[in-house]
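**Q** First the structure, which I've put down as structure tokens, then a few questions once you've had a look.
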Amino acid sequence: MNKRNKFDLLAGNWRLLILKWLFKLLLSLLILLALVAGASVLFAKLNSPNFAALGQKKESLVIQNIAIVGKSEDTNGYQYDVVIRGNKIVQISPTPYSVTPSDTVIDGNGKYLSAGLVDMHVHVYDRSEMLLALAHGVTTVRNLHGMPHHLRLKEEIASGQLDGPELFTSSPILNQKSQYAYGDHHWFPESTQQARTWVKYFKEIGYDLIKVYDGLSIEMYRAIQAEAKLQKLAVTGHPAFGFSLQEFIEPGLQSIEHAEMLFQASLNYSKNPEDLPQLIDTIKQSGIPVDITLYNFHELAELAVHKEGFYNTLSVSYLNPMIKEMMQPSIDFAMSVKNAQSWMNKSNYMGVIARRLSEAEVPLLVGSDAGAGFTLMGDGLIRELMRMEQVGISSDVIYTSATVNGALALGAGERFGKIAEGFEADLVLTEQNPLDNFSTYLKPYGVVNNGKYFNKKDVLKLKEQAKLHMSRFELMGWYLIEQWHRILAR
């Protein structure tokens, strides 16, 4: 064998050894990734809330000498005793209630009692957001981007493992791949049959309603609605770009989402004064409430106009760091736009739409869109109330929209949303009348929820604990679980 042949043989052996080494390395990395992925899924499944216990669980609670918000004008400000047993209001007395030794008494003198607030449009990512919502008097939330961990959160809250508002959650977002679609977090059915199969699956695993998006075709939308009716699931979502508002509302909806989408899709960005009355009349005739969600876009408009000056007012420490990283590009984009005033003009026209809907007595819902951008759970809802007032909606309508209307839309109008005997004791105590100043909800004097009373100190501690975020490892586990659900649903 000549030297060249020996060299070629030696080189070939080395190449073979390197390839074997690379194969083993790749295999080891794949095994390691599989182990890490499996561990993250197991961790997500087994991990449970580890927040400090807060609030007082009392069998009998009496709130004395308190003004009830929303009483008729001739009695507004009158002092009542409100008696709570377990999680139910059992008596509302205009005369002093005879307290027994087993009653826990709260002095409500000079304070105001509201029904718990209902946030009808949130995007929950982190367990700690439930604490932040509760710390602002939000006792019910409707999550509109369903993922498997929301089903776990529902169980944790219902069982008392986790302090937080009652959680209603939609399915994952159903959309179609189109110019209006964005993000792999949407589910894109490839046929009407697949869409119907997914709706059945969402019912089976425990979602409360179906969320539809604005890129759907009329054929796909009708298939989703037909299956949802068979499964006895409500539907909510964005008006579509591809078909009319009349076609959108015809099958019935739990609500119509976003004044912004009425402007963009239903009005096709038109500010023609002749177009808006017809849109409002169409909605009014349907009886479907509108979840107007003004503040979230207004926050972006403020960022566009005032940039760092407004950014520095946001409490970003309440955002999960991983979620903050995901949302940061949209914030950076808003702060970089050159046509900033057009964003504010759009926000103001959304306010015009909302006010005109209110004037036409279309039922409104209050949704913060928390979880989109940097809008915070709880805090975002209060800023939504304040924004509604800024655009000219009366405080009485706003309060009703944030309590009674939300409960009615969820089919729970006989269970919560009012301060009335026999209703659940979802209550907020404030130091000012919120009808005079909605910002009083930013610092509640106390909150009653799920049979527990959280005093002012507890509320502050809820806010502190809301900064204890779920880890990236746990979030990764839930992401992988969702991918598994996509496989199971097929």
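**Q** Which of the pairs 45/88; 45/461; 88/456 have their Cα atoms more than 30 Å apart in this structure?
**A** 45/88
**Q** How would you rank 275, 291, 81, going from fewest to most other Cβ atoms within 10 Å of each one's own Cβ? Intermediate results must be reported in sequence, preceding the final value.
**A** Working: 275 13, 291 25, 81 20.
Ascending number of Cβ neighbours within 10 Å: 275, 81, 291.
**Q** Report the FRET efficiency, 1/(1 + (r/R0)^6), for residue 185 and residue 107, where r is their Cβ-Cβ distance and R0 is 41 Å, rounded to 0.05.
**A** E between residue 185 and residue 107, to the nearest 0.05, is 0.30.
**Q** Pop out the ³J(HN,Hα) list for the stretch 356-367 in order, Karplus 6.51 cos²θ - 1.76 cosθ + 1.60 with θ = phi - 60°, rounded to Hz; leave Gly and Pro as x.
**A** My calculation for the stretch 356-367 gives 5, 4, 5, 4, 7, 6, 6, x, 9, 10, 10, x Hz in order.
**Q** Modelling each spin label as a point 7 Å along the Cα-to-Cβ direction, I'd like the residue 100/residue 352 distance in nm, to one decimal.
**A** 6.0 nm
**Q** Mind scanning 154/443; 203/418; 154/211; 58/457; 200/229 and naming the pairs with a C-alpha gap bigger than 20 Å?
**A** Over 20 Å Cα-Cα: 154/443; 203/418.
**Q** Between residue 486 and residue 325, 0.36 nm times their residue separation minus their Cα-Cα distance comes to what?
**A** Extra length available between residue 486 and residue 325 comes to 55.5 nm.
**Q** Shifting gears a bit: Please list, in chain and number order, the residues 5+ apart from residue 106 or on another chain whose amide H is under 5 Å from its amide H, with Hs placed from the backbone.
**A** Counting only residues 5 or more places away or on other chains, the set is 62, 63, 64.
**Q** Long-range amide H contacts for residue 217: which residues qualify at under 5 Å (H placed 1.01 Å from N, peptide plane, sequence gap of 5 or more or a different chain)?
**A** So residue 217 has HN proximity to no qualifying residue.
**Q** From the phi angles alone, apply the Karplus equation (6.51, -1.76, 1.60; θ = phi - 60°) to the stretch 149-155 and give each ³J(HN,Hα) in whole Hz, x where the residue is Gly or Pro.
**A** Result, rounded to whole Hz: 5, 5, 5, 5, 4, 4, 5.
**Q** For the chain, what relative contact order do you get, as a whole percent, if you take Cα pairs closer than 8 Å and at least 6 residues apart?
**A** For the chain, the relative contact order is 21 percent.
**Q** Near residue 338, which lysines are there with a Cα under 24 Å away, not counting those fewer than 8 places off in the same chain?
**A** Those lysines meeting the cut-off are 271, 307, 324, 346.
**Q** For the chain, what does -39500 (n - 2.57) per DSSP helix run (n ≥ 4), summed and divided by total residues, give at 222 nm, in deg cm²/dmol to the nearest 500?
**A** -14000 deg cm²/dmol
**Q** Looking only at the chain, where both bridge partners belong to it, what percent of the DSSP beta bridges are antiparallel (to the nearest 5)?
**A** Rounded to the nearest five, the antiparallel share is 45 percent.
**Q** Cut-off is 10 Å between beta-carbons; in what order do 106, 92 appear when sorted fewest neighbours first? List each step's numbers first, then the result.
**A** Values: 106 23, 92 18.
The order, fewest Cβ neighbours first, is 92, 106.
**Q** Oh, and also: Name the long-range amide H neighbours of residue 121: under 5 Å, sequence gap of 5 or more, or other chain; modelled H, no Pro or chain starts.
**A** The list, which skips near neighbours in sequence, is 142, 368, 369.
**Q** I need 472, 490 ordered by Cβ neighbour count within 10 Å, fewest first. All intermediate terms of the calculation are to be shown ahead of the outcome.
**A** Details: 472 13, 490 9.
Lowest to highest Cβ neighbour count: 490, 472.
**Q** About the Cα centre of the chain, what is the dipole size in debye to 20, counting +1 per Lys and Arg Cβ and -1 per Asp and Glu Cβ, all else neutral?
**A** Numbers: 47 positive and 51 negative charges, 512 e Å.
Dipole of the chain, to the nearest 20 debye: 2460 debye.
**Q** Follow-up. Could you work out how much longer the chain between residue 52 and residue 93 gets when fully extended? Use 0.36 nm per residue separation minus the Cα distance between them, nm to one decimal.
**A** 11.3 nm
**Q** To continue, here is another question. Taking θ = phi - 60°, what integer Hz values does the Karplus form 6.51 cos²θ - 1.76 cosθ + 1.60 yield along the stretch 386-398, in sequence order, with x for Gly and Pro?
**A** Karplus-based 3J(HN,Hα) across the stretch 386-398 equals 5, 5, 4, 5, 4, 8, x, 8, 5, 5, 5, 5, 4 Hz.
**Q** Given a Förster distance of 22 angstrom, what is the FRET efficiency for residue 359 paired with residue 442, based on the Cβ-Cβ distance and rounded to 0.05?
**A** 0.20
Read-outs throughout are calculated quantities, based only on the coordinates presented, and are distinct from any laboratory measurement. This is a predicted model, so every value here is computed, not measured. All Cβ positions, glycine included, derive from the backbone under ideal geometry; neighbour counts span all protein chains shown.
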